[in-house]
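Have a look at the structure below, then the notes.
The values are calculated or read from the model by the stated rules, or taken from the named source; none is laboratory data. Quick caveat, the model's predicted, so the values are computed rather than measured. Don't worry about glycine lacking a Cβ; one is built from the backbone with ideal geometry, like all the others, and counts go over all protein chains shown. These area figures cover heavy atoms from the full protein model, side chains too; ligands, DNA and RNA do not enter into them. Shrake-Rupley method; radii C 1.70, N 1.55, O 1.52, S 1.80 Å.
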Amino acid sequence: MSIRKYIGVVGGCGSVGTFIVDHLLNMRGCPDILIGGRRRFEETGLANRFRDRRLEYQQLDVGNGEELLRFCSRCFLIINVVGPSAVVGDSVALCALDCGCHYVDVGGYGALYGRLQPHAERINAGHLCFLIGAGWMPGISGIFAKATILDNMERAENSVFKVYFGAVDDWSYSSTYDLVASSMGDMNSYGYSYGKRVAAASVKDMCCRRFACIGRKKICVPSFDDQLALLADSQPRIKGLSTYVMVNDFTSMCKFIALRAFYKGSMDRATRMMQRDYKRLVDNEGKWGCVVCQTSQEGAADTYRYLYTHDNMLYTAVTAVVTVQYLLKGRVKWGLNYLCDAVDCHLFMDDLGRYGIKAVAS
């Protein structure tokens, strides 16, 4: 077996994985890359790309423990792009830990963070960086929101922050599966005030807002973003902090309610129903993704900052690439963390700007 140490990209043949690999190859001094995918190499259609000697391919089924161990044992860093996260669970992360690898998960979400909590001491002892949510939402959404909030800390005692996020795209089956799984779980219907949780009644606190950057009204449901929990807990000066998911239009809202009421026993049917609904939305609205940070302060007009894109894949992939750059330079905090808790959010936003990802004030 080769003793070379690679950056391993699990799911590196998919659309986001391919994007990440291409950008890593353009990075100065990037280590060799080992791509893991389910298909045989001859079936990937990637033969031309593998003229680059920094690339190697290994057929990999993440459900096969021996194959996964063989893959991770050749790497010092694992980037996990395979999904659905709700099905893959912690298998890739734990194999990375067993092999002494750093770990970056483009998705992961709160469920993975919770499953890895019992291993946090071991991750710390190995001086490893385990980063959850190194994509667009979660990922940039948390970094951008945290940077905005920290910029307004001088008047935190009189400030109320509201963060709205949502996206429309032709989501893959795996991505839609994760959206469905999160929709069927607890909605985290609470906010924070002066460091304490404040319950929110989903129906009462639901709102319909028009966002200028989108040019449409969106139904917004309160659901506190796990990425920002540590910030909210550690900042007792903040008067109010809440986050909302954009559930798009009335039709989407009805399907969202149906998911929770009728589809819990059939994830496949629920996933395909939501894929059809997102196709309808793409036909009506085009593809977009948006995070809006609203700051309200006594005696002043509300201010808004937002990120908006027509290319959700770019935002997802670039975040993982910048994360790898930070990790290689030793600019990431050790241990198990959401990305926004492991890096300097202001510097990270500056570096995202080099890829054209910039916040706008309105």
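A few points about this structure:
- Some residue of the stretch 309-323 being more than 19 Å from PHE19 (Cα to Cα), of a type outside the set (A, V, I, L, M, F, W, C) and open to solvent by 70 Å² or more (accessible area, probe 1.4 Å): no
- Meets criteria (within 21 Å of LEU314 (Cα to Cα), in a loop (DSSP other than H, G, I, E, B) and at pLDDT below 90) for ARG28: yes
- Test for MET313: is it in contact with a helix residue (DSSP H, G or I) (Cβ under 8 Å, 6 or more places away or on another chain) and modelled with pLDDT under 95: yes
- Total residues in the stretch 244-266, condition in contact with a Ser or Thr (Cβ under 8 Å, 6 or more places away or on another chain) and either open to solvent by less than 40 Å² (accessible area, probe 1.4 Å) or of a type in the set (Val, Ile, Thr) (or both): 4
- Leading residue by the ranking (surrounded by the fewest Cβ atoms within 10 Å (Cβ to Cβ)) among those in the stretch 63-96 that are within 27 Å of THR271 (Cα to Cα) and β-branched (Val, Ile, Thr): VAL87
- Wholly enclosed strands (runs of 3 or more DSSP E) of the stretch 285-351 bearing at least 3 residues of a type in the set (A, V, I, L, M, F, W, C): 288-297
- Whenever a residue of the stretch 63-82 is within 19 Å of PRO31 (Cβ to Cβ) and outside any strand (DSSP E or B), its partners that are modelled with pLDDT of 95 or more and open to solvent by 10 Å² or more (accessible area, probe 1.4 Å), lying with C-beta atoms within less than 7 angstrom and at least six residues away or across chains, give the pairs CYS72/CYS95; CYS72/CYS99; SER73/CYS99.
- Screening the candidates VAL163, VAL180, VAL203, VAL221 for the property of being modelled with pLDDT of 90 or more and among the β-branched types (Val, Ile, Thr) yields one hit, VAL163.
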